[in-house]
Amino acid sequence: MQKIAILGGGNLGSAIAQGLYKSKQYAPSNIFITRNKVERLAHLKAEGIQVGKDNTAAVQQADIIIIAVKPYKVAEVLQEIRPALNPQKHILVSVATGITIQTMIKTIGFEIPTFRAMPNTAIEIQESITCFCSQYATKEQDTLIADLFNLLGASVAIQEELMEAATVLGACGIAFVFRFIRAMMQGGIEIGFDAITASTIAEQTVKGAAELLLKGGKHPEEEIDKVTTPKGCTISGLNEMEHRGFSSSLIKGILNSYQKIEQ
């Protein structure tokens, strides 16, 4: 069983640890997570996950090292753990936005199997989409990391030049979906539902729509055609949304986020 060190126990790092633990494929004793304010990891410690402040000690015990600190801290952490890194043993995975593999290799000073990955916060409940890329890794190591993230949802291997786009569509995208659900809830309240019932209907509708596409492999328009009838209320509502800029505002939001991340 591979041992995993997660360096950075913030929201994302903690979610990864929680998701791996919940998958039941990694014993909690094989998951190490570090943070300066280690008391904030008490909930993970209570599950048997190894917590601490010492990044180097965590690396020495691990096979897979996940860098989950803020981007401005990545170089500092890499320099700290550099003496403990072993290219024959370790696989390095960064989930920090905007830090390229070559930037990390330059900081370390030698080649080591290195991955960039971008999950979203649904990783905590094993429902993330995680895009990843790699350099200096074997096919077996690519498969290992894909399998790891598949335990936490689904994974997609992409070229590194698409990592920023993946961040926007997958990681930022979950917030866009939440905002859509909130708007559905608000509309539901306006037409007579209480907040809890409107929330339940909106959430299950979005879940069902996603499952139809995932399991059916169809284009969204094919499923829309099943619901829209001539002179019906569905097409009327869709057309009004489009007149108000529904699709274009979402596309522009995605592009705006991408431009921001590229700055």
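The values are calculated or read from the model by the stated rules, or taken from the named source; none is laboratory data. As the structure is a prediction and not an experimental result, all values here were calculated from the model. Note that each Cβ is placed from the backbone with ideal geometry, even for glycine, and that neighbours are counted across all protein chains shown. Surface accessibility is based on the protein's heavy atoms, side chains included, excluding ligands, DNA and RNA. Shrake-Rupley method; radii C 1.70, N 1.55, O 1.52, S 1.80 Å.
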How much length is gained if the chain between residue 76 and residue 61 is pulled fully straight, taking 0.36 nm per residue apart and subtracting their Cα-Cα distance, in nm to one decimal? 3.4 nm
Probe radius 1.4 Å, ligands and nucleic acids ignored: give me the carbon and sulfur share of the accessible area of the stretch 48-188 as a rounded percent. 54 percent
What distance in nm separates the simple spin-label points at residue 54 and residue 205, each placed 7 Å from Cα in the Cβ direction? 5.5 nm
Could you state the angle between the C-alpha long axis of helix 139-150 and the longest principal axis of the C-alpha atoms of the chain, as a value from 0 to 90 degrees rounded to the nearest 10? 50 degrees
Write down the accessible area per residue of the stretch 110-216 in Å², having rolled a 1.4 Å probe over the full set of protein chains. 56 Å²
Going through the stretch 220-255, which trypsin sites (Lys or Arg not before Pro) have at most 14 other Cβ atoms within 10 Å and a DSSP loop state? 231, 244
Would any residue of the stretch 88-121 have its amide N under 20 Å from a label point 7 Å out along Cα→Cβ of residue 158? List them or say none. 93-104, 114-121
Computed magnitude of the charge dipole of the stretch 1-64 (debye, nearest 20; Cβ of K, R +1, Cβ of D, E -1): 140 debye
State, to one decimal in nm, how far the label point of residue 243 lies from the label point of residue 1, with both points 7 Å from Cα in the Cβ direction. 6.0 nm
Crossing angle, helix 246-262 versus the chain [Cα axis fit, 0-90 degrees, rounded to tens]: 20 degrees
If each residue of separation counts as 0.36 nm, what is the full-extension length gain between residue 42 and residue 236 once their alpha-carbon separation is subtracted? 64.7 nm
Whole-angstrom gap from the stretch 55-116 to the stretch 155-186, using each part's C-alpha centre: 25 Å
If you fit an axis through the alpha-carbon atoms of helix 195-216 and take the longest principal axis of the Cα set of the chain, what angle between them do you get, 0 to 90°, nearest 10? 70 degrees
Within the stretch 1-32, report the trypsin sites (Lys or Arg not before Pro) that DSSP leaves as loop and that have at most 15 other Cβ atoms within 10 Å. 24
Compute the label zone of residue 89 within the stretch 107-126: residues whose backbone N is under 19 Å from the point 7 Å along Cα-to-Cβ. 108-115
For the stretch 37-79, state which trypsin sites (Lys or Arg not before Pro) are in a DSSP loop and have at most 10 other beta carbons lying within 10 Å of their beta carbon. 37
Counting only DSSP beta bridges with both partners in the chain, the antiparallel fraction in percent, to the nearest 5, comes to 20 percent
